[in-house]
1. Compare the peptides 316-325, 157-166 by average per-residue count of other Cβ atoms within 10 angstrom and give them in order, highest first.
2. With n ≥ 4 as the cut-off for DSSP H runs, can you work out [θ] at 222 nm for the chain, using -39500 (n - 2.57) per run divided by the number of residues, rounded to the nearest 500?
3. Mind putting a number on the dipole of the chain about its Cα centre? Charges go on the C-beta only, +1 for Lys and Arg and -1 for Asp and Glu, and I need it in Debye to the nearest 20.
4. Using the Cα centre of the stretch 2-258 as origin and beta-carbon charges of +1 (Lys, Arg) and -1 (Asp, Glu), tell me which of V14, Q117, G216 is placed farthest towards the positive end of the dipole.
5. Pull out the extension gain between I73 and I131, defined as 0.36 nm times the separation in residues minus the alpha carbon to alpha carbon distance; nm, one decimal.
6. Using +1 at the C-beta of Lys and Arg and -1 at the C-beta of Asp and Glu, which of A58, L107, Y72 has the Cα lying farthest in the positive direction of the dipole of the chain?
7. Classify the stretch 193-288 as rounded, prolate or oblate from the Cα gyration tensor: take a ≥ b ≥ c as the square roots of its eigenvalues, call it rounded if a/c is under 1.5, otherwise prolate when a/b beats b/c and oblate if not.
8. Go ahead and set up a Gaussian network model of the chain, Cα springs under 10 Å, then flag whichever of T192, T177, T290 fluctuates most.
Amino acid sequence: MEFQLKIFLISFAVTIILGIFIIPVLQRMKVGQSEREDGPKSHLKKSGTPTMGGVIMAISIIGAAIVAFVHYIGKEPEVGRRLIPLILVSIGFGAIGFIDDYKKVVLKNTDGLKPKQKMLGLLIISIVFIIYIEKILGIGTSIIVPFIKTTIKIPSIIYVPFTIFVILATTNAVNLTDGVDGLATCVSLAITTTITVIAIILDIKEIIILGSIVCGTCLGFLIFNLNKAKVFMGDTGSLLLGGVIACSAIYLKMPLIIVILAAVPVIETLSVIIQVAYYKRTKKRIFKMTPIHHHFELCGWNENKVVRVFSGVTVALCIIGLFSII
């Protein structure tokens, strides 16, 4: 556990150092966030705050992963070799978000990537990952059912589309959760910490290292991302974190546990789906605004209260999720 702590601290420190240097660069590039006119009025003053902060996270993760790879390649080369694909897949999801952010804030294309283009990119990376773990690593198609604590084997014809759906749903859910200073970072930190603890219990070292790196990175990023945020992660960061959560859970054969650990992002997504479906049918709204964190803001909650409550709920659910498999 000594090295895991070291790599956590390295990623934490590197993220802070990168933030100090990269945020002013983003400010000079004028890659500012645009806020919705129909949203909470308190958000209008955020217009111009640098986004694409996920670049800081991605660079930190890559740097820490290189350190981890060098450490393990001479001692436990199998761990090092298995870590790199996990990092590449996670960064791949972030790259899709980066392209979207870049088109929006640098090229001033307000639409960014078209939804079909973004989903296609995420789908390709998801398929590559599932093929890798099933065909190359031979992890198989077994999944652990929480609470029952039973492993069931499902046919590949069901496993492949199911796990791809889990990845696409999780990445988009974390993306929707990113709308209040520090919210997506805090929620992702709690979920990733829980997945890392599970990996420690199961002694899956590559996930322990990945989790330690991402937790350190999230904690470092929070210094710049808590209210009042100096930088937003953008799609670059939210899709990266969603990818880490989904792929780690699937790697541990626990895709079902995401429903528990990531219930807050799931609810955020459902609120959007329900709102759109209800409005199309009745021309009325159930929520004042979606994703649902904006509904609570318009009900009078300030951003800090939203983050505290949503993060607290996530921590409670993570504890339940942890006990559902141990």
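Since every read-out is calculated from the coordinates, none of them should be taken as a lab result. None of these values were measured; they are calculated from a predicted model. Ideal geometry is used to build each Cβ from the backbone, glycine not excepted, and the neighbour counts take in all protein chains shown.
1. Result, highest mean Cβ count within 10 Å first: 316-325, 157-166.
2. Roughly -23500 deg cm²/dmol at 222 nm, from the helical runs in the chain.
3. My answer is approximately 840 debye.
4. The residue sitting farthest along the positive end of the dipole is Q117.
5. 18.5 nm
6. Comparing the listed Cα positions along the dipole, L107 ranks first.
7. Taking the square roots of the gyration eigenvalues as a ≥ b ≥ c, the stretch 193-288 is oblate.
8. Per the Cα network of the chain with a 10 Å cutoff, T290 tops the list.
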